[in-house]
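Chemist: Here it is, the structure in full.
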Amino acid sequence: MSKQAAVPALAVSVRELLNQPGAHKHVVQRGPVPDMSTPVAWVEPETDVTVDAEVESVVEGLLVSGAVSVMAKQECARCLRVVDREVRVDVRELFALDPDDAGDDGYAVLPDDRVPLDAMARDAIVLAFPAAPLCRPDCAGLCQRCGADRNVTDCGHQQGTVDPRWAALSELDLDALRSDDSGNGDT
């Protein structure tokens, strides 16, 4: 599922926690994590990812609970402007003591008694990227005729011409239909 770097940038020693259920420690790790991108959002390779978490020894392994954050670049789905956004994700992952017991690559204690947090950070951040990011909620997007950024200039072209095949839908009153459905006891 995830690619794990040969030498994890975000790894924390857990020797004192192994086989000590109930033992825990707070960790803050910062470092770059490669391969964090989707077609519309990405993290520059040299950008540090921050993992602020509690590592707790449990019978099944090591439970890591906390937050992952990074400054990411996102391309607006309407105007194509690239904006910087902080992405912060709460995480809670179980790391196996034996790599053979791990469900996914990168979710097991390393032979040198360290927990690699790279795969967890990458998975959490990439899954948190929006499918269609916006530079701002009211982004006007690009003109359909000339491609001008309508946030910056008024090109004079009329927007929102309705396809005549769909024109009848503009007369549909969805609020009236919802109130009829909610007042009706028949389901």
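The values are calculated or read from the model by the stated rules, or taken from the named source; none is laboratory data. For clarity, every value in this text was computed on a predicted model and none was experimentally measured. Glycine gets a Cβ as well: all are built from the backbone with ideal geometry, and neighbour counts include every protein chain shown. The protein model used for the area step is the full one, side chains on, heavy atoms only, and it has no ligands, DNA or RNA in it. Shrake-Rupley method; radii C 1.70, N 1.55, O 1.52, S 1.80 Å.
Chemist: Can you tell me which of 101, 90, 138 is without any contact (Cβ under 8 Å) to a residue 12 or more places away in the chain and not hydrophobic (A, V, I, L, M, F, W, C)?
Modeler: Going through 101, 90, 138 in turn, the sole match is 138.
Chemist: Right, here's the next one. Given the structure, is residue 77 open to solvent by 20 Å² or more (accessible area, probe 1.4 Å) and in contact with a Cys (Cβ under 9 Å, 6 or more places away or on another chain)?
Modeler: Considered against the rule, which asks whether it is open to solvent by 20 Å² or more (accessible area, probe 1.4 Å) and in contact with a Cys (Cβ under 9 Å, 6 or more places away or on another chain), residue 77 comes out as yes.
Chemist: Considering only residues of region 51-62 that are open to solvent by 30 Å² or more (accessible area, probe 1.4 Å) and at pLDDT 95 or above, which is farthest from the chain's Cα centre (by Cα)?
Modeler: That would be 56.
Chemist: When residue 115 is evaluated against the numbered criteria (1) out of contact with any Ser or Thr (no Cβ under 6 Å at 6 or more places or on another chain); (2) in a strand (DSSP E or B); (3) at pLDDT 95 or above, which criterion, by number, is the only one it fails?
Modeler: (3)
A quick yes/no check of all residues on (1) more than 22 Å from residue 135 (Cα to Cα); (2) of a type in the set (D, E, K, R):
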position	(1), (2)
56	yes, yes
66	yes, no
79	no, no
83	no, no
101	yes, yes
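Chemist: When only residues in region 130-158 that are surrounded by 13 or more Cβ atoms within 10 Å (Cβ to Cβ) and of a type in the set (A, V, I, L, M) count, which is farthest from residue 89 (Cα to Cα)?
Modeler: Ranking the qualifying residues of region 130-158, first place goes to 148.
Chemist: Here's another thing I want to ask about it. Quick check on region 85-117: of everything there that is of a type in the set (Val, Ile, Thr) and open to solvent by less than 20 Å² (accessible area, probe 1.4 Å), which residue is nearest to the chain's Cα centre (by Cα)?
Modeler: Across region 85-117, the extreme among qualifying residues is 87.
Chemist: Please verify whether residue 82 is under 20 Å from the mean Cα position of the chain (by Cα), modelled with pLDDT of 95 or more and open to solvent by less than 50 Å² (accessible area, probe 1.4 Å), treating the condition exactly as stated.
Modeler: So residue 82 fails the test.
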